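Notes follow once the structure below has been shown.
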Amino acid sequence: MTDYTAEQIEVLDDMEAIRKRPGMYIGGVGVRGLHHLLWEIVDNSIDEALAGYCDLIKVIIHKDGSASVEDNGRGIPTEMHELGRPALEVVMTKLHAGGKFDRKVYRVSGGLHGVGLSVVNALSEWLEVWVKRNGKIYYQKYERSKPITKLKIVGETQEHGTIVRFKPDEEIFETTEFNYDIVAQRLRELAYLNKGLKIILIDERINRYTEFYSEEGIVGYVKRLNRNKNVLHDVIYFSKIKNGLQIEVAIQFTDSDVETVYPFANNIHTIEGGTHVVGFRAGLTRALNEFGRKNIKKFTSLSGIDVREGLTALVSVKVPEPQFEGQTKTKLTNSEVKTAVESTVYYEMLSWLEQHPSEANRIIEKCLMSKRAREAARKARELVKRRNEISVTLPGKLADCSSRNPEEREMFIVEGESAGGSAKQARDRRFQAILPIRGKIINVEKSGMIKALKNEEIKSIIATIGAGIGKEFDITKSRYKRIIIMTDADVDGAHIRTLLLTFFYRYMKPLIENGYLYIAQPPLYRVKKGRKTYYVYSENELQNLLERLGNAEVQRYKGLGEMNPEQLWETTMNPNNRILNQVTIEDAIKAENLFKVLMGDDVEARRQFIMEHSREVRNLDI
Ligand code: 0RA
């Protein structure tokens, strides 16, 4: 029988308490809890880095399911502790062991982090530790938190640092398999948050070696987050220390419409936000409003939402005594952090804006645009709602078709009175409707939804299709299965096509997504040889035909109006002969491109894109 000293009983109590209620210490025994063991050790190594003693951390996931963390910090103290045992043993077997060897750094005390190495030890089948310190290598092994060796010297070295290797206990965890992606993601994050720190990840199960390192720190992180976006300026960076509270911020605006703000408190990704985020937002909005009021003509004050559209930012605070709340214990609640972050961000941001007037203008312009878009969208939503309540009457100039079978009904949007007249004569009135539109329709992107909805041509298109618009658009209500844009084969025709496509893309997108929208392709030439007539749709075709025929009479069609109704029917409207280009959005990437080009200010790029896009689409003979 062993006589337990009071001390030993206490230790056993601690370890038993942890094994009984692991959730209390690591949040659960699932995947998240399992990885928590690893983060506990890594956090300790990071603390050494924060204290300036460590610049390399190596994490290995071993084939046997264990993991090890090595750092080149000071090494866990091996000297005798107050309790008459080596400090290392105390650290490994007592909850919140501190005392003489406590480190005065930004320890992560609240929440689930910083619970201590003893928790890792308690929840491991076995744990080994090597410490390089005082010219020696120390070693000790534990099984389910009990030392099975004494702390012993196993070698000599001039290096310093700690290696902890542990095997999560299968009796405790639902799963004991470390996930490469979870580990890699967090280590990458830590490398960005701690510039100059190199973190190596080796997964021996799959022979994978990865290094994470950032010379630029959080600036590099923001760059990475924005790597596929159009940025408005170089990353703005500042850092401040206020009453022991360290604040670090990186900001970059983009032309996208999403907000990406990553907040961290003591290296913990505070996904539930908290006082640092509240302070950041308030300071940023205040700085932009202050700058705008002083420097921008016709400035109207911005709300937080306007400011944050297209914003990418990383806010990292190091708080001496952090308090965390929330479901995942990732919401920072220290109230002093809000005021400190707000005033720092306000002051630093304002002075940056003043020193970078042209970038500042760009940013403010973006914010004002977000504001206008938001207001327009709200007004438009109200208008659409009202409009949907009023019964929509079909426009007088529409020549509708007689078929009630929605599967065969089609509608031609035809530019110009004369072409409209020809088309009305040429059509098969049973299933083909004609809607003539006049001149150039309004550019919906530039004018916004309000003006667009007041435009007669747009109104007639909406009423004719009869399925609403915008968020309220309901494709099942569409009165036609095919909507065919029929314009001249010249530059003006292409322009009108562009405007119509912009309109459809913006306000009736499902029409495109479901393949309801087409572009008619009238012939470019009529070629006569003797008594035979050929219609030619491309330059290439013309070359080939002329080579075959020898000399022939070539007539170029400049517009639909140059064709008589029979010709128009035969060449462009008759389902047996015509070529229809279905407008498709092939995949997400193209769609985004389309969106950008369609929405942008660059008229030429837009025109170019539409030309290419309609050439690219499949030729369909329906
Ligand atoms: C307590 C005190 C000191 C360092 C550490 C713990 C320490 C813990 C871990 C865990 C993994 N790596 C670690 N590195 C250091 C300070 C020791 C001193 O003052 O010399």
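Worth a mention:
- Number of the exception - residue 13 against (1) of a type in the set (D, E, K, R); (2) within 16 Å of the ligand (Cβ to nearest atom); (3) loosely packed, with under 15 Cβ neighbours inside 10 Å; (4) assigned to a helix (DSSP H, G or I): (2)
- Selection count, the stretch 73-84, where residues are surrounded by fewer than 17 Cβ atoms within 10 Å (Cβ to Cβ) and either basic (Lys, Arg) or part of a strand (DSSP E or B) (or both): 1
- The residue that is farthest from the ligand (Cβ to nearest atom), counting only those in the stretch 160-182 that are of a type in the set (Val, Ile, Thr) and within 28 Å of residue 136 (Cα to Cα), is 163.
- Where residue 62 falls short, out of the listed (1) within 12 Å of the ligand (Cβ to nearest atom); (2) modelled with pLDDT of 95 or more; (3) not polar (S, T, N, Q): (1)
- Cβ pairs under 7 Å, 6+ apart, first in the stretch 261-289 and of a type in the set (Phe, Trp, Tyr), second part of a loop (DSSP other than H, G, I, E, B): 264/270
- Of the candidates 353, 332, 394, the single residue that is touching a strand residue (DSSP E or B) at 6+ places or on another chain (Cβ under 6 Å), touching a residue at least 60 places away in the same chain (Cβ under 8 Å) and of a type in the set (A, V, I, L, M) is 332.
- Residue count for the stretch 446-495, restricted to those that are over 30 Å from the mean Cα position of the chain (by Cα), among the β-branched types (Val, Ile, Thr) and in a helix (DSSP H, G or I): 7
- Taking strands (runs of 3 or more DSSP E) as the structural unit, those lying wholly within the stretch 505-577 and holding at least 3 residues that are under 30 Å from residue 459 (Cβ atoms) correspond to 517-520.
- Residue in the stretch 25-36 that is within 16 Å of the ligand (Cβ to nearest atom), closer than 25 Å to residue 210 by Cβ, assigned to a helix (DSSP H, G or I) and at pLDDT 90 or above present: yes
- Neighbours by Cβ (under 6 Å, 6+ apart or cross-chain): first from the stretch 29-51, closer than 14 Å to residue 103 by Cα; second more than 9 Å from the ligand (Cβ to nearest atom) and part of a helix (DSSP H, G or I): none
- Residue in the stretch 198-213 that is of a type in the set (Asp, Glu) and part of a strand (DSSP E or B) present: yes
- Residue, surrounded by the fewest Cβ atoms within 10 Å (Cβ to Cβ), within the stretch 140-170, restricted to residues that are touching an Asp or Glu at 6+ places or on another chain (Cβ under 8 Å) and not in a strand (DSSP E or B): 170
- Residue that is at pLDDT 90 or above and out of contact with any helix residue (DSSP H, G or I) (no Cβ under 9 Å at 6 or more places or on another chain), where the choices are 540, 544, 551, 619: 544
- Test: residue in the stretch 207-218 that is closer than 18 Å to residue 311 by Cβ, in contact (Cβ under 8 Å) with a residue 12 or more places away in the chain and in contact with a helix residue (DSSP H, G or I) (Cβ under 9 Å, 6 or more places away or on another chain): yes
- Tallying residues that are over 20 Å from the mean Cα position of the chain (by Cα) and more than 23 Å from residue 234 (Cα to Cα) within the stretch 247-275 yields 6.
- Subset tally (residues that are more than 17 Å from residue 217 (Cα to Cα) and either hydrophobic (A, V, I, L, M, F, W, C) or in contact with a Leu (Cβ under 7 Å, 6 or more places away or on another chain) (or both)) for the stretch 242-254: 3
- Condition met for residue 270 (modelled with pLDDT under 95, crowded, with 22+ Cβ neighbours inside 10 Å, in contact with a strand residue (DSSP E or B) (Cβ under 7 Å, 6 or more places away or on another chain) and closer than 30 Å to residue 45 by Cα): yes
- Cβ-Cβ contacts under 7 Å between residues 6 or more apart (or on different chains), taken from a first residue in the stretch 64-88 that is under 20 Å from residue 152 (Cβ atoms) to a second residue that is of a type in the set (S, T, N, Q) and within 10 Å of the ligand (Cβ to nearest atom), are listed as 75/162; 76/162; 86/78; 87/78; 88/78.
- For the stretch 133-140, the count of residues that are within 12 Å of the ligand (Cβ to nearest atom) and modelled with pLDDT of 95 or more is at least one.
- Restricting the stretch 67-81 to residues that are among the hydrophobic types (A, V, I, L, M, F, W, C) and near the ligand (Cβ under 9 Å from one of its atoms), the residue that is nearest to residue 41 (Cα to Cα): 69
- Every residue from the stretch 232-257 that is under 30 Å from residue 50 (Cβ atoms) and among the β-branched types (Val, Ile, Thr): 235, 236, 241, 247, 249, 251
- Hey, residue 383 of a type in the set (A, V, I, L, M, F, W, C) and farther than 27 Å from residue 233 by Cα or not: yes
- Screening residue 327 against (1) crowded, with 21+ Cβ neighbours inside 10 Å; (2) out of contact with any strand residue (DSSP E or B) (no Cβ under 6 Å at 6 or more places or on another chain) leaves a single unmet condition, (1).
- Scanning the stretch 87-97 for residues that are within 13 Å of the ligand (Cβ to nearest atom), surrounded by 21 or more Cβ atoms within 10 Å (Cβ to Cβ) and not hydrophobic (A, V, I, L, M, F, W, C), we see that the one that is nearest to residue 17 (Cα to Cα) is 94.
- Scope the stretch 521-545; condition without any contact (Cβ under 8 Å) to a residue 24 or more places away in the chain and closer than 30 Å to residue 582 by Cβ; matching residues: 533, 534, 536, 538, 539, 540, 541, 542, 543, 544, 545
The values are calculated or read from the model by the stated rules, or taken from the named source; none is laboratory data. Just so we're clear, the structure is a prediction, and the values are computed from it rather than from any experiment. Cβ sites come from the backbone with ideal geometry, for glycine too, and all protein chains shown count toward neighbours.
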